[in-house]
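The values are calculated or read from the model by the stated rules, or taken from the named source; none is laboratory data. No experiment lies behind these values; they were computed from the predicted model shown. When we count neighbours, we look across all protein chains shown, and the Cβ atoms used for this are built from the backbone with ideal geometry, even at glycine. SASA here: full protein model, heavy atoms, side chains in, ligands and nucleic acids out. Shrake-Rupley method; radii C 1.70, N 1.55, O 1.52, S 1.80 Å.
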Amino acid sequence: TGALCFLHVPSPELQHALQVQKMSEQAAARSFKELTYIRQELKNPLNGMQFTRKLLEPSDLTEEQRQLFASNVLCQEQLKKILHDNDLEGIEQCYMEMNTVEFNLEEALNTVLMQGMSLSKEKQISLDRDWPVEVSSMYLYGDNLRLQQVLADYLACTLQFTRPAEGPIVLQVIPKKEHIGSGMQIAHLEFRVVHPAPGVPEALIQEMFRHGPGVSREGLGLHISQKLVKTMSGTVQYLREAESSSFIVLVEFPVAQLNSKRSKPSTSKWSKPSTSKSNF
């Protein structure tokens, strides 16, 4: 009986490839551990904010304070939902579950603008809003927190690439209602985040639609937002014109039936009763 033994010595190229793979796996493990730690630590102050909110709920607030309080609550709920986003693959594949709740469209839009106020003041860029007065009394069924997340991300991106002297950024809403059957309405909504030209770099817009291994942090945020809109059966476009550029989000939500117990919505302090345009 004989035996033949072969000794295989890996080439320098193979050794280098194995070393790179091992370093990549270690880096990924460290990143996951750091992300888990950050998420866990963020939950503590968020719990404190929610507890403070519950203490303030019975308070006798003015109308202006009530609107600010409502925006603060929606920001907290949006942050809480993002912190629980553990399945990015599910978002990219567009099979994640969306919530369906009744919400006021103008409250959601005001919350989006509130999220851009700090950076807009820092850069001295005006945030304008442009939508018809009917939006203030429009109640819809859908995932308002995901809608806020998407619009706030596009707004933050435009703020990042807009200089003070170039002009204001405008959040536009064009609603259109359609009757389906008896007693049911669908709201077709067109959201536009209009900002001065030249706008967001083309490479970043490409990352929004085509996610690659070397995607930037901003590009990943835009890509996730685009996938969230797609999950809501909507579409995202980016339009470049001579004087301005725009993120355009097309989505539709069922219109909530009028509830007699619902408190009558009031016009926000930022809106003008007889016009459809105002600014922050």
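Give the residue, chosen from E102, E97, E25, E63, that is more than 28 Å from L220 (Cα to Cα), at pLDDT 65 or above, loosely packed, with under 13 Cβ neighbours inside 10 Å and among the acidic types (D, E).
Selected residue: E63, the only one of E102, E97, E25, E63 that is more than 28 Å from L220 (Cα to Cα), at pLDDT 65 or above, loosely packed, with under 13 Cβ neighbours inside 10 Å and among the acidic types (D, E).
Which number in (1) under 13 Å from the mean Cα position of the chain (by Cα); (2) loosely packed, with under 15 Cβ neighbours inside 10 Å marks the one condition that L239 misses?
Against the list (1) under 13 Å from the mean Cα position of the chain (by Cα); (2) loosely packed, with under 15 Cβ neighbours inside 10 Å, L239 comes up short only on (1).
Report every pair of residues separated by at least 6 positions or lying on different chains whose Cβ atoms are under 8 Å apart, first residue within segment 64-89 and acidic (D, E), second at pLDDT 75 or above.
Qualifying pairs under 8 Å: E77/L145.
Does segment 121-145 hold any residues that are within 22 Å of I205 (Cβ to Cβ) and crowded, with 21+ Cβ neighbours inside 10 Å, and which are they?
Across segment 121-145, the qualifying residues are I125, L127.
For the subset of segment 147-166 comprising residues that are out of contact with any strand residue (DSSP E or B) (no Cβ under 7 Å at 6 or more places or on another chain) and of a type in the set (S, T, N, Q), which member is most open to solvent (accessible area, probe 1.4 Å)?
Per the criteria, the residue is Q160.
Which residues, taken from segment 206-222, are open to solvent by 10 Å² or more (accessible area, probe 1.4 Å) and either part of a helix (DSSP H, G or I) or of a type in the set (A, V, I, L, M, F, W, C) (or both)?
Q206, E207, F209, V215, R217, E218, L220, G221 - these are the residues of segment 206-222 that are open to solvent by 10 Å² or more (accessible area, probe 1.4 Å) and either part of a helix (DSSP H, G or I) or of a type in the set (A, V, I, L, M, F, W, C) (or both).
Would you mind stating whether P201 is open to solvent by 10 Å² or more (accessible area, probe 1.4 Å) and in contact (Cβ under 8 Å) with a residue 40 or more places away in the chain?
Criteria met by P201.
Conditions: (1) open to solvent by less than 60 Å² (accessible area, probe 1.4 Å); (2) closer than 29 Å to V101 by Cβ; (3) not hydrophobic (A, V, I, L, M, F, W, C). Q257 meets all but one. Number of the miss?
(1)
Of these, I186, I169, which one is open to solvent by 10 Å² or more (accessible area, probe 1.4 Å) and at negative phi?
Residue meeting the stated conditions: I186.
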